[in-house]
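One structure is given here, and the rest of the page talks about it.
Coordinate-derived values only; no laboratory data. The structure displayed is predicted, hence computed values, not measured ones. We place every Cβ from the backbone using ideal geometry, glycine too, and count neighbours over all the protein chains shown.
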Amino acid sequence: MLSYTDARLKVIQVAEGRQGELIRETIELRKGLGRVLAEDVTADRDYPPFDRATRDGFAVRSADICGASTTVQVIGESKAGTPFNGAVGRGQGVQIMTGAGVPAGADAVVMLEHTRATNGDVVIERNIRAGENVVPSGSEAKAGQVVLRRGTRLGYAELAMAAQVGQTNVQVYRRPRVAVLSTGDEVVAIERPPGPFEIRNSNGVSLEAQAQLAGAQPVPLGNAPDRADELRALIERGLLEDILVLSGGVSAGKYDLVEGVLRDLGAEFFFDAIAIRPGRPAVFCARGNTLIFGLPGNPVSTMVTFELLAVPAIDIRGGLAARPLPLFKAKLARPVTQKAVLTHFLPARVSWPEGEPVVEELPWQGSGDIAAVAQANCFLVVPETRLNLAAGDWVEVLPRRGVF
């Protein structure tokens with residue numbers, strides 16, 4: 001049985017080896033949030049295109065400022081979008097606003113709070129160095145320089161960068177398509193009132209949401225009953241997509257049919273269990289270039305295993321390198337003890353009461369307890385090598401995607 005880290009590495013290895021050709025499409029820049037660039041983006045001119053002031057004040061020649069109380073003659077004004085067209089000579093200065101172009105002859109900007117006006121001139125009350133409070137032309141990017149590389153996910157800063165260099169449209173990789181299929185006779189559509197021993201298909205909803213948060217296009221296939229023929233038909237439909245994610249039917253029970261159907265369809269298996277709780281009976285296989293994840297049916301198990309295993313596959317199918325798990329350290333609020341020699345992912349809540357992160361396990365009733373995860377903002381990671389943790393210990397925390 002693989003550790004979750006080894007299972008994750010196996011997913012990455014297989015996903016990279018069965019990549020196939022990525023599909024590209026051109027979209028409007030404003031619709032690019034979360035998409036992955038399929039081409040480099042280059043600067044259309046130098047940035048900034050002029051020497052830019054970073055403070056309100058006066059543009060001066062630094063060589064003229066000799067100690068405190070140096071008086072300079074104010075000969076004009078430069079504001080953003082309307083520069084001063086002359087040149088600054090010896091003993092002169094130009095009033096300037098943040099973002100405005102530094103006029104010819106000047107090589108520094110004295111902040112307004114370090115000056116005082118007197119008889120139409122200005123007194124500089126401190127020394128200044130050449131280049132102070134000035135961003136030189138071309139220091140951020142040169143014309144033709146790559147400013148965003150292929151394989152970059154577009155966030156708000158990346159969109160702003162592309163907009164600045166005039167990219168009204170961008171070429172991106174098509175979102176990987178993730179088919180989502182739940183299983184089980186006890187599962188009914190969320191629109192239908194369940195019977196006394198039935199449950200609504202919450203896994204389908206959560207997996208579709210997790211797929212979207214990871215950058216994929218979910219393809220909902222509904223629920224397959226515990227009958228091999230109907231399950232096979234829906235799996236065959238899912239195999240038309242980049243990734244197929246199933247929930248339920250992967251344990252060793254009489255009606256756990258998923259692995260058998262996948263084997264009959266020629267899937268190649270890489271593992272069928274990982275050393276974690278919740279989520280131990282997780283399956284990973286592939287047929288052709290379609291990656292297949294058979295996840296446990298209990299909702300918390302499904303959520304955890306999707307994050308650990310399916311997300312790196314979505315990254316790779318979307319044109320990204322697989323992102324590392326976003327683990328961080330926090331101080332444990334109360335002792336935690338686990339018995340099973342597995343890595344545990346416990347619903348928890350992290351806060352920063354005095355500036356440092358503190359994490360506390362939430363009460364929960366096992367891997368079917370969605371209510372606990374809905375109150376959690378992270379999972380507390382208890383490694384199999386250290387099952388008894390004391391209050392005050394520094395531990396690893398896995399944030400819930402989309403919460404932070």
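Give a quick list of chymotrypsin sites (Phe, Trp or Tyr not before Pro) in the stretch 133-232 that DSSP marks as loop, anything other than H, G, I, E or B, with at most 13 other Cβ atoms within 10 Å.
Working: sites: Tyr156, Tyr173, Phe197; in loops: Phe197.
Loop-located and lightly packed - Phe197.
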Q | Neighbour-limited loop hits for trypsin sites (Lys or Arg not before Pro), the stretch 149-208 (at most 11 other Cβ within 10 Å; DSSP other than H, G, I, E, B) | A | Arg149
(Q) Let's test the formula: R0 of 45 Å, r as the Cβ-Cβ distance of Val358 and Ala233. What FRET efficiency results, to the nearest 0.05? (A) 0.35
Q: Mind giving me the FRET efficiency for Val74 and Phe50? R0 is 22 Å, r the Cβ-Cβ distance, nearest 0.05 is fine.
A: 0.60
**Q.** Residue of Asp264, Asp393, Asp46 that the Gaussian network model of the chain assigns the largest fluctuation, springs spanning Cα pairs under 10 Å
**A.** Asp264
Q.
Can you compute the modelled spin-label distance between Arg149 and Lys10, with each label point 7 Å from Cα toward Cβ, in nm?
A. 3.1
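Can you list which of the trypsin sites (Lys or Arg not before Pro) found in the stretch 85-142 are DSSP loop residues with at most 11 other C-beta atoms within 10 Å? Walk me through the numbers on the way to the answer.
Details: sites: Arg90, Arg116, Arg126, Arg129, Lys142; in loops: Arg90, Arg126, Arg129, Lys142.
Answer in residue order: Arg90, Arg129.
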Q. With each run of n ≥ 4 DSSP H residues scored as -39500 (n - 2.57), what mean residue ellipticity at 222 nm is computed for the chain after dividing by its residue count and rounding to the nearest 500 deg cm²/dmol?
A. -5000 deg cm²/dmol
Q.
Relative contact order of the chain, please, whole-number percent, based on alpha carbon pairs below 8 angstrom and at least 6 residues apart.
A. 16
Q. Measuring from label point to label point, each 7 Å out along Cα→Cβ, what is the Leu213 to Ala391 span in nm?
A. 3.0
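If you add up the charges near Val172, with Lys and Arg at +1 and Asp and Glu at -1, over every other residue whose beta carbon is less than 12 angstrom from its beta carbon, what do you get?
Details: positive: Arg24, Lys31, Arg35, Arg150, Arg153, Arg174, Arg175; negative: Glu25, Glu28, Glu39, Glu158.
Every neighbour counted, the sum reads +3.
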Q: Note the full-extension length gain between Arg401 and Phe197 as 0.36 nm times their separation in residues minus their Cα-Cα distance, in nm to one decimal.
A: 70.3 nm
